[in-house]
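Novice: Got a structure for you, written out below as structure tokens; questions coming shortly.
Quick note: the coordinates plus some simple rules give every number you see, no bench work behind them. Source: prediction; values computed, not measured. No Cβ is skipped: glycine too gets one built from the backbone with ideal geometry, and neighbour counts run over all protein chains shown.
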Amino acid sequence: MSLPNVTVIGLGCIGGSFAKALGAHGAQLRGWSTSAEDCALARSVGIDAPDVTLEESVAGARLCRLPGPPSCDDPQDFSRRQVPKAVGGVRPR
């Protein structure tokens with residue numbers, strides 16, 4: 001099975017773990033975070049986390065994953081607030 005190009009937006013505990021697991025299964029993966037520390041940690045474990053804008057990071061991705069915090073009551077509202085319109089919006093599953 002071929003995995004799609006994936007961008008994980010947010011490389012904290014949840015997003016970093018998710019990205020690491022996807023990478024271990026062969027996904028073409030890119031990570032992005034507002035935290036330089038999270039990006040550096042991601043790079044140290046082999047995750048592509050370049051110093052680019054969010055828009056550049058999601059270019060060419062077939063799937064963008066925005067891991068929400070456990071306290072997130074409404075994932076769609078959380079996504080709408082976190083992902084700028086330049087990304088193309090959020091398509092609910």
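Novice: Can you pull out the trypsin sites (Lys or Arg not before Pro) in the range 12-66 that DSSP calls coil and that have at most 13 other Cβ atoms within 10 Å?
Specialist: Arg62
Novice: While we're on this one: Rounded, prolate or oblate: which fits the range 12-64, taking a ≥ b ≥ c as square roots of the Cα gyration tensor eigenvalues, rounded meaning a/c under 1.5, else prolate when a/b beats b/c? Could the numbers behind the result be given before it?
Specialist: On the way: a/c = 1.68, a/b = 1.02, b/c = 1.65.
Oblate is the answer for the range 12-64, as a/c is 1.5 or above yet b/c matches or exceeds a/b.
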